[in-house]
Structure formats: C-alpha cells, structure tokens
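Only the coordinates and a few stated rules stand behind these numbers; no lab work does. Because the structure is predicted, anything quoted here is derived from the model rather than measured. All Cβ positions, even for glycine, are placed from backbone atoms using ideal geometry, and neighbour counts span all protein chains on display.
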Amino acid sequence: MIISMNKKYETQDGREVRILCVDAEGLDSVVGLIDGVAERWHPNGVYFDEETSNFDLVEVKETHTIIRWINIYFDDESYHLWESREKADEGARKDRVACKQVCIMNKKCLCIFCRNPINIKFWGGSIGGKLFCNRKECLIKLSKSQGEGL
Ligand SMILES: [Zn+2]
C-alpha cells in the first residue's frame, strides 16, 4: 500500500487521520494530523521502522448506502425497490403480506436480520432471491416471521 492524497485513512486503533501531504522531505514523507497534532509516516503508512504500531495507517473504504422498501408476496422472490414506504404502499397489490426496509451497501444487499452482505440479483430497480443470510440466528428469526411471505 502506498498512501495517496485521494483516499481516506485512519490509524490501526481507529483514530481519524487527515493526510496533509505525501511528499515531505525525508523517509517519513507522509504527514497527517491526528486530533490536530502532526504525525509522520513512511510512504506505505507505517509509523515505526521495525514494528507494527497503533499509529499505522489503514485505508477507510467509502461506503455507499441506499435504503429502499419492498413489498412481499407469497411465493414471489423478486421484489421491486421502492424509494419510500409511501411509494411502496401506493404500489402494493392487495395480496401483500409485508413491507420491509432493505439496505443496499456498495451495491450489495444486506441481510434484513443481521445486515451482513448477501448475494442477491439486481435488475432494473428490482432484486431477486433470499433476503437473509444462512446464519443460525437469522434462520431462527426467519422461522419466527413465517407468514410474512419470506
Ligand atoms: Zn443474517
């Protein structure tokens, strides 16, 4: 990893870092601020030469999250993604059994119970497949919510 001005970083122990430059004089060419105090790192984000440190830099991946609403029907595993609960209500058929919120993070749908990413198909404003992961807790929650068409 080479530290870049275009990416976000934090320290190994989760402190926010603002990178000021990556081309300062000397071996520790990365300069950044932690709580207003300037610190220096090697170009690869390492704080000390010989050992790992809580001050080593870790890239913070940008997350892109979208919230959508889906109407659930019996025996149907494809769901139109509605922008709001109101729109989902308006677009619902009479035989709707439930309306659920889904969270889509970095184009991955999250399990409606535990919010772990799950594999689901996307096509033109709809998703298709199971809305939950295979973890035991989630399957237990699923069995409790039977009758909601999941
Ligand atoms: Zn889950």
Counting just the Cα atoms, what span does the chain cover along each of its three principal axes? Round to the nearest Å and put the largest first.
69, 31, 25
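Within 10 Å, count the other beta carbons around each residue, average over each peptide in 34-47, 94-107, and list them highest first. Kindly include the intermediate steps, with their values, before the conclusion.
Numbers: 34-47: 14.9, 94-107: 13.1.
The peptides rank, most packed first, as 34-47, 94-107.
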At most 13 other Cβ atoms within 10 Å and a DSSP loop assignment: could you name the GluC sites (Glu not before Pro) in the stretch 87-149 that fit?
E148
Over what distance in Å are the Cα centres of the stretch 124-139 and the stretch 10-65 separated?
38 Å
Net charge near S126, counting Lys/Arg +1 and Asp/Glu -1 over other residues with Cβ under 12 Å of its Cβ?
0
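If you take the beta carbon distance between E10 and N119 as r and set R0 to 41 Å, what does 1/(1 + (r/R0)^6) give as a FRET efficiency, to the nearest 0.05?
Numbers: r = 29 Å, r/R0 = 0.70.
With R0 = 41 Å, the Cβ-Cβ based efficiency is 0.90.
Can you flag which of K107/K130; K8/K121; K100/K144; K7/K61; K94/K144 are past 18 Å Cα-Cα?
Flagged as over cut-off: K8/K121; K94/K144.
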Express the relative contact order of the chain as a whole percentage, based on alpha carbon pairs under 8 Å and six or more residues apart in sequence.
16 percent
According to a simple spin-label model (label point 7 Å from Cα along Cα-to-Cβ), what is the distance in nm between E83 and E59?
3.3 nm
Measure off 7 Å from each Cα along the Cα-to-Cβ vector at E25 and E137, then give the distance between these two points in nanometres to one decimal.
5.4 nm
Mean-square fluctuation maximum in Gaussian network of the chain, Cα pairs under 10 Å, restricted to D76, D23, D89, hits D23
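Given a Förster distance of 25 Å, report the FRET efficiency between K144 and C99 from their Cβ-Cβ distance, rounded to the nearest 0.05. Before the final figure, lay out the partial values.
Working: r = 18 Å, r/R0 = 0.71.
It comes out at approximately 0.90.
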